[in-house]
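Enquirer: First, the structure itself, so that you have it in front of you.
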Amino acid sequence: MAIENVLSWLSKHHPKGIDLSTFEGRFFAQKGVYVLKALGYKGVKKYNFSLYIKGPYCSELADDYYALNVKDPKEKWPPSSDIPEEYGKIINHAFEKDKEFLETVATLHSIYESNKGVSIEKIKAQCEYIKPKSKEYIEEAWKFLKENNIIVTLT
């Protein structure tokens, strides 16, 4: 499925929609695509994210949504139909929280993926070190990742 349909799907699942003409809208697009990739959705597997100021960021994704030159993708394209329904519930839950929660979820996951075998406490400490504001969200974000099987650990 094309990225415009994925972005339309994400916009449909955001309480206010995603306005790609704003920083906040692009933030939710980046983190939404990141979470979909973390969940295993193959329609976004080509996007490679690296940690940046506001969590995982993909410049290729940014290029793609800027090229669309549209404010709200759901007004122009139909949402992806191949994204599992249960992903919608997960995305809705993440989007309903504030931006710092979503940023912490994505950052924690990114650190976890880059540090397999490292203790959970060290992963959480690294997240807090690079994003001090994440401290109040770390436990809830970790729980969100585990409950939604975005990460699987033995502990």
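Where a number appears in this text, it was derived from the coordinates with a stated rule and is not lab data. This one's a predicted model, so the numbers in the text were calculated from it and none came from an experiment. Here the Cβ is made from the backbone with ideal geometry for all residues, glycine too, and neighbour counts use every protein chain on show.
Enquirer: Determine which residues of segment 71-103 fall in the zone a paramagnetic label at residue 21 would reach in this model, i.e. backbone nitrogen under 15 Å from the point 7 Å along Cα→Cβ.
Expert: 71-76
Enquirer: Taking every alpha carbon pair in segment 1-115, what does the distance histogram look like in 5 angstrom bins from 0, in percent?
Expert: Result returned by the calculation: 2, 12, 26, 27, 22, 9, 2, 0.
Enquirer: Moving on to the next point. Counting other Cβ atoms within 10 Å of each Cβ, which GluC sites (Glu not before Pro) in segment 68-155 have at most 14 and sit in a DSSP loop?
Expert: Taking segment 68-155 and a limit of 14 other Cβ atoms within 10 Å, no loop GluC sites (Glu not before Pro) are found.
Enquirer: Taking the Cα centroid of segment 127-152 and of segment 62-81, what is the distance between the two, rounded to the nearest whole Å?
Expert: When both Cα centres are located, 29 Å separates them.
Enquirer: Another question about this same structure. Expressed as cubic angstrom per residue, what is the convex hull volume of the alpha carbon set of segment 107-152?
Expert: It is 61 Å³ per residue.
Enquirer: Please provide three numbers in whole Å: the alpha-carbon extents of segment 48-155 along the principal axes, with the largest listed first.
Expert: Here the Cα extents, ordered largest to smallest, are 44, 28, 24 Å.
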